[in-house]
Amino acid sequence: MHWLARNIPVRYREPIREGILEWNKAFEKIGFKNAIHVEVQPDDADFDTSDIRHASVRWQTVAKTSYGAIGPTVVDPRTGEILDADIGIDANNVRVVRNLRQEYLPARKDAFAAFAEAASGNAQALSDGQSCAYDDAATEETAFGLSLLEARGDLDPDSPKVDKFVDMYLKSVTMHEVGHTLGLRHNFRASTIYSEAELSDPQCTAAHGISGSVMEYNPWNLAVTGERQGEYAMSTLGPYDYWAIQYAYEEIPANKEAAELDTIAARSSEPWLAYSTDEDVAYFAVDPAVNQMDLGSDPLAYAKKRLALVHELWQRTEHLQLAPGESYSVLRRNFTRGLNEAGQGALYASKYIGGLTTLRDHVGSGRQPLTPVDANKQRAALDLLTTEVLSADSFNFSPAFLRKMTISTFDIEDAAELGRPAPPLDLSIDQQVLGLQRNVLDTLMSAPIAQRLLNNAAKVDDPRTALKLSELYTTLHNAVWSELRS
């Protein structure tokens, strides 16, 4: 039984309820019908939802946001039995489209910093890597998606149509956090099981979702202009979720348990059940297919697509017709959100250089645990970075656009309530872009990446085909100093 705390606004109870009950599909498949129930705590109830006897979802209204949503559990250390689970959802997140969240909230750990630490062997403890920041990432992703749809003219932010996207966001986050309360860990390879063609098919995505698991950090499935639009978000369980619930909860006679669990686990090499977890993304960080907030079977193609969407957002924002009396701060928000997405796209591409495909397979699966990323794929990633991120023409904004890029009093008040410095009135665009470019260069010119390129050359059958250090450095040099040629 999951109790919805009585302080959850009536408007938001249904998508949260749907997110919880979605897990019944997995339990029904192993013989448990209506295994999970949801009730709303009565207004006159004499129990507290924080009581260990009641699994609950609570709506938490706080002045200083420190998380988006959490799904903590109380576990019996002797048996692993989950005794209690209480999900908390921060009420501030439903107003994300109206503020400059990335500029003053305690930021998610910079992805490039985590990548660099992992590459150098100084990564944070695994216990830290296993914490969940999905709602924080989903909030930023929702802000970017809504901003793009508004800039396209496909969505009026003051219309009831926005409610659909808020519901979609709440259901997705709830499914993820409930998964944690059922014992599931993150799966950061699950987003790679579907092709771009499948992701753009509305019927396919409605039936199967946009990813292999709700335990992935799934982004919005945004189509570029002119392409078909599949479902925007993960709305149902993925194949990995069914498999994990079967392994954890299926009733098996004691004398057959070991053999049956081995049979279930033996399916791990099936492409629909692709799996990598926190250590792979936050500790080793060498596999370009293991990311947070990417989507599709080709992460490099996704990075290119995201950068295209960022430029579309900026171009449309620059020519956005604001209504009389409307604040110019929407332009600043869209620039900041676009730059955040550009940084993510650059990270996905950077991981290809010296990258390794890493699998958790044991002997007998027919697959190797370590495979260097194809050199031509590495060169394609390097070309994307040099043309879209490091080129002198990568980031150009008109003076008229920069003169209108300001903040609102709400942004200042939000920052003050959170105890954060107010966002600068005059944002240094060149320093923002330089920070992104520096992250790319610091990563690609680091000693660990150099060593990985040397290691990969020893792992391929023909070392002459490998991406060499000389090629990497020459390409970066030509990109960085390209304007000197003119």
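For L444, indicate whether it is more than 21 Å from G338 (Cα to Cα), aliphatic (A, V, I, L, M), at pLDDT 90 or above and open to solvent by 30 Å² or more (accessible area, probe 1.4 Å). No: the conditions fail for L444. Looking only at segment 455-486, which residues are loosely packed, with under 13 Cβ neighbours inside 10 Å, assigned to a loop (DSSP other than H, G, I, E, B) and in contact (Cβ under 8 Å) with a residue 24 or more places away in the chain? Hits for segment 455-486: nothing passes. Condition first: under 27 Å from H311 (Cα atoms), in a loop (DSSP other than H, G, I, E, B) and open to solvent by 20 Å² or more (accessible area, probe 1.4 Å). Now tell me which residues in segment 328-373 satisfy that. Result: Y328, single match. Hey, could you check segment 37-90 for residues that are part of a loop (DSSP other than H, G, I, E, B) and among the small types (G, A, S) and say which is modelled with the highest pLDDT? Result: A45.
One line per residue, one yes/no per condition, for (1) open to solvent by less than 20 Å² (accessible area, probe 1.4 Å); (2) out of contact with any Pro (no Cβ under 9 Å at 6 or more places or on another chain); (3) closer than 30 Å to Y352 by Cα:
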{"residue": "G238", "(1), (2), (3)": "yes, yes, yes"}
{"residue": "N255", "(1), (2), (3)": "no, yes, no"}
{"residue": "S268", "(1), (2), (3)": "no, yes, yes"}
{"residue": "L273", "(1), (2), (3)": "yes, no, yes"}
{"residue": "V281", "(1), (2), (3)": "no, yes, yes"}
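Taken together, the residues in segment 421-432 that are surrounded by 12 or more Cβ atoms within 10 Å (Cβ to Cβ), of a type in the set (A, V, I, L, M) and in a loop (DSSP other than H, G, I, E, B) amount to 2. Counting the residues of segment 388-421 that are of a type outside the set (A, V, I, L, M, F, W, C) and either in contact with a strand residue (DSSP E or B) (Cβ under 7 Å, 6 or more places away or on another chain) or in contact (Cβ under 8 Å) with a residue 60 or more places away in the chain (or both) gives 12. The set of residues in segment 19-44 that are in contact (Cβ under 8 Å) with a residue 12 or more places away in the chain, more than 16 Å from D241 (Cα to Cα) and open to solvent by 20 Å² or more (accessible area, probe 1.4 Å) comprises H37, V38, E39, V40, P42, D43.
Can you find even one residue in segment 7-15 that is in contact (Cβ under 8 Å) with a residue 40 or more places away in the chain, touching a Phe, Trp or Tyr at 6+ places or on another chain (Cβ under 6 Å), surrounded by 16 or more Cβ atoms within 10 Å (Cβ to Cβ) and more than 26 Å from A207 (Cβ to Cβ)? Checked against the condition, which is being in contact (Cβ under 8 Å) with a residue 40 or more places away in the chain, touching a Phe, Trp or Tyr at 6+ places or on another chain (Cβ under 6 Å), surrounded by 16 or more Cβ atoms within 10 Å (Cβ to Cβ) and more than 26 Å from A207 (Cβ to Cβ), segment 7-15 yields at least one hit. Of the helices (runs of 4 or more DSSP H) lying entirely inside segment 153-267, the ones with 3 or more residues being under 24 Å from K33 (Cα atoms) are found at 161-181, 202-208, 239-249, 257-265. Number of residues in segment 385-420 that are polar (S, T, N, Q), open to solvent by less than 50 Å² (accessible area, probe 1.4 Å), assigned to a loop (DSSP other than H, G, I, E, B) and under 30 Å from Y352 (Cα atoms) equals 2. Taken together, T277, T181, T225 contain a single residue that is modelled with pLDDT under 95, in contact with a strand residue (DSSP E or B) (Cβ under 6 Å, 6 or more places away or on another chain) and of a type outside the set (G, A, S), which is T181. Step by step: first the residues of segment 349-383, then only those that are hydrophobic (A, V, I, L, M, F, W, C) and more than 24 Å from the chain's Cα centre (by Cα), then the one that is farthest from M445 (Cα to Cα). Which residue is that? Ranking the candidates gives V363 first.
The values are calculated or read from the model by the stated rules, or taken from the named source; none is laboratory data. Model, not experiment: these values are computed from the prediction. Positions of Cβ are backbone-derived with ideal geometry, glycine not excepted, and every protein chain shown enters the neighbour counts. We work out accessible area using only protein heavy atoms, side chains counted, and drop any ligands, DNA or RNA first. Shrake-Rupley method; radii C 1.70, N 1.55, O 1.52, S 1.80 Å.
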